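Q: Before anything else, here's the structure in question.
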Amino acid sequence: DRNETLFYKVLLDNFVDMAPIIYTPTVGWVCVNYHHIYQRPRGMFFSAEDKGEMAAMVWNWPQDNVSAIVVTDGSRILGLGDLGVNGIGIPVGKLDLYCAAAGFSPSEVLPVVLDVGTNNQDLLNDPYYLGLRRKRATGQAYYDLVDEFVSAVMARWPLAVLQFEDFSITHARTLLDRYRDHHLVFNDDIQGTAATALAGLYGALRVQGKQPADLKNERIVVVGAGSAGMGVTSMIAQAMCKHKLTMDEATERFWVIDASGLITTARDGLPDHVKPFARASHKYESQSLIDVIKRVRPSILLGLAGAGRLFTEQVVTAMDEGCTEQGLRPIIFAMSNPISKMELEASDAVLWTGGRVIYASGSPQPAVSFGGADIRMSQANNMYIFPGIALGAWLGSTRTISDGMLMTAAEKLPELISDDDLAAGMVYPALEQIRHISTEIAMSVIKEAGKEGLAC
C-alpha cells in the first residue's frame, strides 16, 4: 500500500522467503481475520445485490488491459471453510504470485470476490464483517449470478485468463465444466493441484531412478474425495492411461478414502466423478485408513482431506513397513493447507520411516535433522504450476485450457529438477528458479496448445 514498486522488488529478490508470507500459510490467517484488519479495498467486489448490473460495473475498473483474473466466492478457503467476502485475500495473494513467478504486470491483474452470502454464523454475527448478512445463494440463483459475472468480465477482457479459486465442492466441478470449453478458464484447486501432484510423483519416480512410465505400476491411496482430491486422482489416472493402461486398469490402482472410510460401489449417492474410483468389493466399504494401508500395501499415500493430522504414527509405520517389504521407499504427500490442516509434518514423516520417506507438503516445512544430516523438504505447492499455465495460455491466446496442456505442464516440471536436488530427494525444482520454471512451463503449454490446434 505504501510503495508497490518496492514491494514487488523485495518479493522478486527474496521469493523463497516471501512466498509463505504473501500466500500459504500466512494468507489463511489473513482471510480469517480480514474483517478486523481491513484498511482499504483491493480488487473488485461483486455481490448478489448487483444482479443485472455487473456488465456496467466491470467498467469501474480503471485498467483497460487485464491479462489475468482470479475469482473466489469464499466458500472453501484453503482448509478453513466458508469465510465469505473475507476470501478476497486468496485472489490478491494468488495474483502477487502471478506477478512474481510469471512476470504478469501488477497493473494488469484483477482479484475478485463474488459475495453470494455466507453460511458462517460467526461472521454473520460479527459487526465488523464486510459482506452480505445472509445465507449463501444456492441452486439456479447462484449459477445465474456466476454466469452474469463471467459474461461481464469476458466481454470487457476477452483475452484474459480467468482462474476460479476456493469454490466449494458443491460448485467447483460444475462451474469448471460449465465454462472451460468456451472461455480461457481453469480451476486451480482441481486442475492446478492435480498437475502439481502428478509432477511431484514424476519427481519422486526420478528420485528412485525410475521412468515416468513406471507410474502405471504404483498403488495409490488418496485421502480426501473433494474437488482437489478427485482432481488429483483423475489426472494421475489419465497419466497412467498415457502410459498404456486402459482407464479401467488405471482406476484399479486407486483406493479413495473420505471421512466415512474407503469408498466402494456399495456407497449410495456418489458423485459422478467419484464413481469410477469406487472399489468393487462391498465388504471393504468404509474400511479405515490404517486397515486399507495394511491390506493394500500402497507405494503412494496422498493427503488432500484438509482435516489435520490423519497420517498418524501407526499409519506411517504401516506404510513404511509395506514399502520396505517390496523394496520401495514410501512416497507420502501431505498436500492440505494451511499447516494446521496438513495430514503429516515433515519431522514425523522422517522419524517414523527412519529417513526413508519421499515427502512433500502443501505448506512449507523446515529441513529435518536426521542421521547427522539436514534433510530438505519439498513443497507440493501449486505456485510451481499455475503461473506458468496462465502465462502460456495468455501469451498463446489458446482460447481454452485443455487437459493435455495441464498434463504437459506436469511432465515438464520434474525435468527441471537439478541433479543435486534429485540426489537430496527433492521432488520439485528449487523455488529460487521460479521465473525460469514458469517460462519453461509456459513454453510447453503453448507448444501443446499448438499441437491441439488451440493456439491463435
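The values are calculated or read from the model by the stated rules, or taken from the named source; none is laboratory data. Note that this is a predicted model, so its numbers are computed, not measured. Cβ coordinates were reconstructed from backbone atoms using ideal geometry, including for glycine residues, and neighbour counts include every protein chain displayed. To get the accessible areas, we keep the full protein, side chains included, count just its heavy atoms, and leave off ligands, DNA and RNA. Shrake-Rupley method; radii C 1.70, N 1.55, O 1.52, S 1.80 Å.
Q: What percent does the relative contact order of the chain come to when contacts are Cα pairs within less than 8 Å and at least six residues apart?
A: 15
Q: Would you calculate the convex hull of the Cα atoms in segment 188-256 and tell me its volume per residue in Å³?
A: On the way: hull volume 5.0 nm³, N = 69.
Value for segment 188-256: 72 Å³ per residue.
Q: Which of the listed residues, Met335, Asn381, His243, is farthest toward the dipole's positive end in the chain, when Lys, Arg count +1 and Asp, Glu count -1 at the beta-carbon?
A: The one lying farthest along the dipole's positive direction is His243.
Q: Still on this structure, I have one more. Mind listing which trypsin sites (Lys or Arg not before Pro) in segment 2-51 are in a DSSP loop and have 16 or fewer other Cβ atoms within 10 Å? Present the calculation step by step, with values, prior to reporting the outcome.
A: On the way: sites: Arg2, Lys9, Arg42, Lys51; in loops: Arg2, Arg42, Lys51.
In loop regions of segment 2-51 (DSSP not H, G, I, E or B), the sparsely surrounded trypsin sites (Lys or Arg not before Pro) are Arg2, Arg42, Lys51.
Q: Quickly estimate the mean residue ellipticity at 222 nm for the chain, helices only: each DSSP H run with n ≥ 4 gives -39500 (n - 2.57), and the total goes over all residues, rounded to 500.
A: Working: 18 runs with 189 residues, N = 456.
Helix-only estimate at 222 nm: -12500 deg cm²/dmol.
Q: Can you list the residues, at least 5 places off or on another chain, whose amide H is less than 5 Å from the amide H of Val70, using H built in the peptide plane?
A: For Val70, whose amide H was placed from the backbone, the distant partners under 5 Å are Leu110, Val112, Gln163.
Q: Let me ask you something else. Over segment 391-456, average the accessible area per residue using a 1.4 Å probe and give it in Å², no decimals.
A: I get 42 Å² per residue for segment 391-456.
Q: Run the dipole for the chain about the Cα centre, Lys and Arg Cβ at +1, Asp and Glu Cβ at -1, nothing else charged, and hand back the magnitude in debye, nearest 20. Don't skip to the end; give the middle numbers.
A: Numbers: 39 positive and 52 negative charges, 114 e Å.
Rounded to the nearest 20 debye, it is 540 debye.
Q: Sticking with this structure for a sec: Taking H as built 1.01 Å from N, whose amide H comes closer than 5 Å to the amide H of Phe370, not counting residues under 5 places away?
A: Placed amide hydrogens put Ile375 under 5 Å from Phe370.
Q: Now, a different point. Given Val445, Thr118, Ser151, which one lies farthest toward the positive end of the charge dipole of the chain, if we put +1 on the Cβ of every Lys and Arg and -1 on the Cβ of every Asp and Glu?
A: Farthest along the dipole direction, towards plus: Val445.
Q: Full-extension gain between Met247 and Lys447, please, as 0.36 nm times their residue separation minus the C-alpha to C-alpha distance.
A: On the way: separation 200, 0.36 × 200 = 72.00 nm, distance 2.59 nm.
My answer for the length gained is 69.4 nm.
Q: Which order do peptides 135-142, 230-237, 257-264 fall in by mean Cβ count within 10 Å, highest first?
A: Working: 135-142: 14.8, 230-237: 24.4, 257-264: 18.2.
My ranking of the peptides, most packed first, is 230-237, 257-264, 135-142.
Q: Using Cα pairs under 8 angstrom and six or more residues apart, how large is the relative contact order of segment 312-456, in percent? Intermediate values should be presented prior to the final figure.
A: Working: 223 pairs, mean separation 29.2, N = 145.
Across segment 312-456, relative contact order equals 20 percent.
Q: Hey, with R₀ at 41 Å, roughly what FRET efficiency would Gln326 and Glu432 work out to, going by the Cβ-Cβ distance, to 0.05?
A: Details: r = 35 Å, r/R0 = 0.86.
For R0 = 41 Å, the calculated efficiency reads 0.70.
Q: Also, I was wondering about something else. Taking the Cβ-Cβ separation of Asp268 and Glu415 as r and a Förster radius of 45 Å, what is the calculated FRET efficiency to the nearest 0.05? Show your work: numbers first, answer last.
A: Details: r = 44 Å, r/R0 = 0.97.
With R0 = 45 Å, the Cβ-Cβ based efficiency is 0.55.
Q: In whole Hz, with x marking every Gly and Pro, tabulate ³J(HN,Hα) for segment 274-285 from phi via Karplus 6.51 cos²θ - 1.76 cosθ + 1.60, θ = phi - 60°.
A: 9, 3, x, 9, 6, 6, 7, 7, 5, 5, 9, 3
Q: Hey, of (1) 25.8; (2) 21.1; (3) 28.7, which did the structure itself give for mean projected area of the Cα convex hull in nm² when calculated?
A: Only one listed value fits the structure, namely (2).
Q: Here's a follow-up. So what's the Cα pair-distance distribution over segment 1-71, bin width 10 Å, in %?
A: Spelled out per bin, shortest first, that is 14, 34, 38, 13, 1.
Q: Output ³J(HN,Hα) for segment 342-350: one whole-Hz value per residue in order, computed from phi by the Karplus curve 6.51 cos²θ - 1.76 cosθ + 1.60 with θ = phi - 60°, and x for Gly and Pro.
A: Using θ = phi - 60°, the values come out as 6, 6, 7, 7, 4, 4, 5, 4, 5 Hz.
Q: Taking every DSSP beta bridge that has both residues in the chain, what percent is antiparallel when rounded to the nearest 5?
A: Numbers: 5 of 40 bridges.
DSSP beta bridges in the chain are roughly 10 percent antiparallel.
Q: Could I ask something else about it? Where Rh denotes the Kirkwood radius from the mean inverse Cα pair distance, what is Rg over Rh for segment 306-456?
A: Details: Rg = 17.7 Å, Rh = 16.8 Å.
Reported Rg/Rh (Cα atoms, Kirkwood Rh): 1.05.
Q: Given the C-alpha centroids of segment 251-322 and segment 159-211, what is the distance between them in whole angstrom?
A: That distance is 22 Å.
Q: What percent does the relative contact order of segment 256-397 come to when contacts are Cα pairs within less than 8 Å and at least six residues apart?
A: Numbers: 227 pairs, mean separation 23.2, N = 142.
The normalised contact order for segment 256-397 reaches 16 percent.
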